[in-house]
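Here's the structure we're looking at; comments come further down.
The values are calculated or read from the model by the stated rules, or taken from the named source; none is laboratory data. Predicted model only: the values in this text are computed from it and were never measured. Every residue, glycine as well, gets a Cβ built from its backbone with ideal geometry; the counts of neighbours run over all protein chains shown.
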Amino acid sequence: MKRILSVILIAMLLAGCSQKPVEPAETAEPVVQPAAEPANTASEQKAEAESPLADEKEESNLFDARKAKEGDMAAGLKIIRVEVNSPEEEDYEAYVDFEGEVTVSGTFKHNLNDEFLDHEISFKVDEESEALLPKLAHDRRYVWFMFMNHDEAEKALGAAGTEGKATVTIRNYSINYAHTEIWNTADLVKAEVSSE
């Protein structure tokens, strides 16, 4: 019986990750502060201008990891590692690590003995902040990630079982996209929990 429930739970999670949930519109806009970017040297500016993602940075946070390389920028964050599996497929797998900080708003949940997520802390980015994070153009999941520095995140957001709204500054954002139970990750720099 437990095995059947586990299979059903995993199937529901995978189905939920592939669709963007419909949420009611919020009347109050969250506070979002884009991270300040360090001044670029002339050679960095030239490299950015020659980057295949340079034009996309201004227009969209969506990018194609098959065309990306280390040093390219996506949504204001610098790509420091790109790994692509099955690039010939439209729904290719990709692992992309970024350097830089960004501030986003959304909802957090410190899971409590979850069979799939154990007691990890997840953060679902709200629609208003989604464009601030890089996203693979073919990725249809809603934008969410797990905090890799669990102890610091727990101190800032609360003990297991806690959930709510917050504005967080993150760094070391990583996109992990594959056809398995996998999620994006980031390190928490600071958090402001909403009192709503």
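Numerical summary
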quantity	calculated
Selected residue [surrounded by 14 or more Cβ atoms within 10 Å (Cβ to Cβ), at pLDDT 95 or above and not polar (S, T, N, Q)] from Asp91, Asp64	Asp64
Residue within segment 139-155 that is basic (Lys, Arg), modelled with pLDDT under 95 and more than 13 Å from Thr107 (Cα to Cα) present	yes
Qualifying position, being on the phi < 0 side of the Ramachandran plot, modelled with pLDDT of 95 or more and surrounded by fewer than 19 Cβ atoms within 10 Å (Cβ to Cβ), among Asp97, Asp126, Asp114	Asp97
Residue list for segment 103-142, filter: among the aromatic types (Phe, Trp, Tyr) and over 20 Å from Asp187 (Cβ atoms)	Phe116, Tyr142
Cβ-Cβ under 8 Å pairs, at least 6 apart or on other chains, segment 170-196 side without any contact (Cβ under 8 Å) to a residue 60 or more places away in the chain and on the phi < 0 side of the Ramachandran plot, far side polar (S, T, N, Q) and not in a strand (DSSP E or B)	Asp187/Asn149; Leu188/Asn149
Qualifying residue in segment 154-173 (condition: crowded, with 19+ Cβ neighbours inside 10 Å and closer than 24 Å to Asp64 by Cβ)	yes
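The rows are residues; the columns are (1) more than 30 Å from Ala156 (Cα to Cα); (2) among the acidic types (Asp, Glu).
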residue	(1), (2)
Asp64	yes, yes
Ala68	yes, no
Ala75	no, no
Glu89	yes, yes
Phe98	no, no
Gly106	no, no
Lys109	no, no
Leu112	no, no
